[in-house]
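Student: Submitted below is the structure of interest, expressed as structure tokens.
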Amino acid sequence: MENTRFIITINREFGSGGHEIARKLSELLDVKLYDKTFLATIREKFNLTEKEAEKIKAEKTNWWSEFCRFYQQFGIATTYTQQPIEVTSQQLYYAEAKALRDLAEHESCIVVGRSGFHVFKDTPDTIKIFLIADMEHRVKRIMKKCKVDEKEARKLIDEIDKARENYTKTFAGKSRYDARNYDLVINVTPFTTDQVAQFLAYNLRLKYKTK
């Protein structure tokens, strides 16, 4: 039985195996895992597909246009019309962040991606982790996982790295690669996903005095 509610945020490079590590860690610690699968409930609220949601978040946003759009939508809402409301990346970000904070108030959990290091930057008992890996390691993993050749794997890595960095800079105002965002940065290349998960679980149990 845990003595302290804690939050683990895991951000990762695409192809590092970070999501698998997070899943195994959640099993070892017996805590909930909140990732894009869970956050499908947020997409449903806005009637978005996963692809549409990811596209919205990858697009560069302009603060003034988002501000104006918000108030335009507020005006539409007060007229009780049935006109569809365009969902902005800012709205989606804040909806996801609020849902995660509400859940984390009640139980220990692991949050994968979603700029978790920033969402919970001021939350006590939060450990922020960034998992990286050498490019060759990432390429081989994506080739196997996505069943693509090396060229396509490198293209996917480049596209997703850029999209995630843009998303982080837009809403966190900083680079996801800045080690100062995290309590722990691990290059997972020399290890298996099991080894990394076991290492994290062991030390987190010590820190939070869990079984």
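Student: Tell me the carbon and sulfur percent of the accessible area for segment 104-154, rounded to whole percent, probe radius 1.4 Å. Walk me through the numbers on the way to the answer.
Tutor: Working: 1330 of 2680 Å².
That share works out to 50 percent.
Student: Would you mind working out the accessible area per residue for segment 81-211, using a 1.4 Å probe, and quoting it in Å²? Please report the intermediate quantities before stating the final value.
Tutor: On the way: 7400 Å² over 131 residues.
With all protein chains present, segment 81-211 gives 56 Å² per residue.
Student: Would you mind checking 36/174; 24/162; 98/151 for any pair whose Cα atoms are more than 32 angstrom apart?
Tutor: Violating the 32 Å limit, Cα to Cα: 98/151.
The values are calculated or read from the model by the stated rules, or taken from the named source; none is laboratory data. No experiment lies behind these values; they were computed from the predicted model shown. Heavy atoms of the whole protein, side chains included, go into the accessibility calculation; ligands, DNA and RNA do not. Shrake-Rupley method; radii C 1.70, N 1.55, O 1.52, S 1.80 Å.
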